[in-house]
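Some notes on the structure that comes next.
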Amino acid sequence: MANQDLAIKASTDTLFSGSSRQPRRNAGQLVRWLLLFGGGVLMVMPIVFMISTSLKFPFEVYNLNLIPEEPTLENYTYVLEDGRFYRWFVNSLVISVVTTASAVFFDALVGYALCKFRFPGRYLVFIAILSTLMIPTEMLVIPWYLMSKSFGWLDTYWGIMFPGVMTAFGTFLMKQFFETVPDDFLEAARIDGLNEFQIWWQVAMPLVRPALAALAIFVFLGNWTAFIWPLIVTNSADMYTLPVGLSSFGDEVDVAWELIMTGAAISTLPTLLVFLIFQRFIIRGVVMAGLKG
């Protein structure tokens with residue numbers, strides 16, 4: 001009987017203690033959801049304001065209402081009928097795609113060499129590459145411009161692209177991911193008769209696809225939205241990229257914000273497409289990192 005009373009008391013204590021912790025747990029979860037919702041709203045608001053402005057007439061641009069009083073698609077018609085917009089779009093697309101492919105290829109190649117090859121001075125090379133991350137881009141603009149002028153690269157595709165054909169951040173990222181590739185796989189490939197390039201391309205690269213996808217997104221977005229360097233190195237409107245070209249809408253007296261926002265809204269479509277294509281690889285990489293941890 002005594003044992004039964006003790007069991008009933010223990011179960012009762014457990015029930016009440018659990019019920020007291022449950023509201024606290026729900027309250028903490030509610031706070032987290034509210035914080036996430038608030039952060040999401042803050043991140044989405046600039047996009048909402050951009051789309052809202054693109055649907056306004058010029059006289060309504062400085063009205064901060066998110067819902068236009070007289071919505072219009074004339075801005076989209078004007079921008080899409082402007083031949084310059086297509087030229088700027090193609091320029092940005094060519095530069096972003098070529099630079100992304102180059103950066104992913106060379107960053108992965110250098111990262112693999114620094115990770116899997118043992119040669120004198122490789123740590124010094126790695127530190128030298130990482131040290132370039134500490135230099136602000138604004139300080140590199142002048143050397144880049146002098147180099148472009150000396151080699152005749154001003155107002156050319158190559159002049160816009162060459163600073164990003166290989167990145168220090170990408171090299172660091174790929175080296176860290178190649179550290180997770182077992183050396184036994186590489187040795188087995190060597191025994192099968194593959195050369196080092198084939199081992200890198202056929203064995204190591206498929207194992208780091210999440211890192212490649214993340215690097216491709218970062219590099220593509222960085223080049224798609226770049227403004228300062230394309231503005232400096234280009235002279236003619238035919239070589240403008242989208243950010244530089246959109247900034248030229250307007251005149252010396254007024255800026256056509258409605259057209260700029262319209263062009264910006266259209267230019268976000270390729271970035272969304274790139275993210276939708278590669279997001280599953282990034283999610284898989286995060287899951288794999290969590291399982292390894």
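The values are calculated or read from the model by the stated rules, or taken from the named source; none is laboratory data. Because the structure is predicted, anything quoted here is derived from the model rather than measured. Cβ sites come from the backbone with ideal geometry, for glycine too, and all protein chains shown count toward neighbours.
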Residues of segment 115-136 classified as of a type in the set (Lys, Arg) and not in a helix (DSSP H, G or I), total: 1
Which is β-branched (Val, Ile, Thr), surrounded by 13 or more Cβ atoms within 10 Å (Cβ to Cβ) and in contact with a Ser or Thr (Cβ under 8 Å, 6 or more places away or on another chain), of ILE129, ILE199? ILE129
Of the candidates GLY159, GLY193, the one satisfying the condition of being of a type in the set (Gly, Ala, Ser) and not in a loop (DSSP other than H, G, I, E, B) is GLY159
Looking at ALA211, ALA226, ALA188, ALA265, can you tell me which residue is among the aliphatic types (A, V, I, L, M), crowded, with 20+ Cβ neighbours inside 10 Å and assigned to a helix (DSSP H, G or I)? ALA211
Among the residues of segment 162-184, which ones are part of a helix (DSSP H, G or I) and closer than 21 Å to ASN91 by Cα? PHE162, PRO163, GLY164
Regarding ILE199, is this residue of a type outside the set (S, T, N, Q), in a helix (DSSP H, G or I) and within 29 Å of THR268 (Cα to Cα)? no
Can you find a residue in segment 75-95 that is closer than 30 Å to VAL181 by Cβ, exposed (fewer than 15 other Cβ atoms within 10 Å of the Cβ) and assigned by TED's automatic domain parsing to the domain that holds PHE227? no
Which condition breaks for LEU246 when tested against (1) without any contact (Cβ under 8 Å) to a residue 40 or more places away in the chain; (2) within 30 Å of SER54 (Cα to Cα)? (1)
So PHE126, is it touching a helix residue (DSSP H, G or I) at 6+ places or on another chain (Cβ under 6 Å), of a type in the set (A, V, I, L, M, F, W, C) and either within 22 Å of PHE227 (Cα to Cα) or in the same structural domain as VAL181 (by TED's automatic domain parsing) (or both): yes
Just wondering, is there one or more residues in segment 33-41 that are more than 30 Å from the chain's Cα centre (by Cα) and either of a type in the set (Phe, Trp, Tyr) or modelled with pLDDT of 85 or more (or both)? no
In segment 234-262, what count of residues is obtained for those that are among the β-branched types (Val, Ile, Thr), surrounded by fewer than 22 Cβ atoms within 10 Å (Cβ to Cβ) and modelled with pLDDT of 90 or more? 1
Which listed residue is modelled with pLDDT under 90 and in the same structural domain as ASP238 (by TED's automatic domain parsing), from MET139, MET166, MET147, MET161: MET139
Within segment 186-233, the residues that are at pLDDT below 90 and among the aromatic types (Phe, Trp, Tyr) are PHE218
Please list, ordered by first then second residue, the pairs with beta carbon atoms under 9 Å, 6 or more apart or interchain, first in segment 170-196 and outside the structural domain of VAL208 (by TED's automatic domain parsing) and among the aliphatic types (A, V, I, L, M), second in a helix (DSSP H, G or I) and at pLDDT 90 or above. none
Determine, yes or no, whether PHE105 is modelled with pLDDT of 95 or more, assigned to a helix (DSSP H, G or I) and of a type outside the set (S, T, N, Q). yes
